[in-house]
1. Can you say whether N64 is within 25 Å of the chain's Cα centre (by Cα) and of a type in the set (S, T, N, Q), as far as the supplied structure shows?
2. Find all pairs meeting these conditions: Cβ atoms under 7 angstrom apart; at least six residues apart or on different chains; first residue within segment 1-19 and without any contact (Cβ under 8 Å) to a residue 40 or more places away in the chain; second residue open to solvent by less than 100 Å² (accessible area, probe 1.4 Å).
3. I'm checking my understanding of the structure. Among residues of segment 19-63 that are aliphatic (A, V, I, L, M) and not in a helix (DSSP H, G or I), which one is least open to solvent (accessible area, probe 1.4 Å)?
4. Tell me yes or no: at least one residue of segment 35-51 is of a type in the set (D, E, K, R), at pLDDT 95 or above and within 25 Å of the chain's Cα centre (by Cα).
5. Among the residues of segment 30-44, how many are of a type in the set (A, V, I, L, M, F, W, C) and under 15 Å from N19 (Cα atoms)?
Amino acid sequence: MQAASSIYIREDLKAQLNNLKRNPKESYNDVIERLVNLTVDDEPLSAEAIKGLEEGLDDIKKGNLISEKDIRKKYGVE
């Protein structure tokens with residue numbers, strides 16, 4: 001049997017955990033485990049993804065940016 005621990009959480013956080021339960025009888029342990037699993041990405045970035053990120057950073061450093069206002073204007077979104 002696995003050891004158990006008690007932890008302190010604020011009431012507002014407990015309410016958020018309650019809202020994330022799939023059913024009223026789901027344990028906090030299960031909710032927290034599901035949240036932790038959502039935050040871990042086991043697949044490394046592909047070389048193509050890394051290249052795209054590097055190109056994007058280069059554009060930012062060079063000032064090759066388009067303002068949100070200009071994008072909205074271009075696509076007619078106001």
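The values are calculated or read from the model by the stated rules, or taken from the named source; none is laboratory data. The model shown is predicted, which means the values in this text are computed figures rather than measured ones. We place every Cβ from the backbone using ideal geometry, glycine too, and count neighbours over all the protein chains shown. Surface areas here come from the heavy atoms of the whole protein model, side chains and all, with no ligands, DNA or RNA. Shrake-Rupley method; radii C 1.70, N 1.55, O 1.52, S 1.80 Å.
1. Working: within 25 Å of the chain's Cα centre (by Cα): no; of a type in the set (S, T, N, Q): yes.
No; evaluated as a whole, the condition is false for this residue.
2. Pairs found: L17/Y28; L17/V31.
3. For segment 19-63, the residue satisfying everything is V40.
4. Looking for residues that are of a type in the set (D, E, K, R), at pLDDT 95 or above and within 25 Å of the chain's Cα centre (by Cα), one finds at least one in segment 35-51, hence yes.
5. Matching residues across segment 30-44 total 3.
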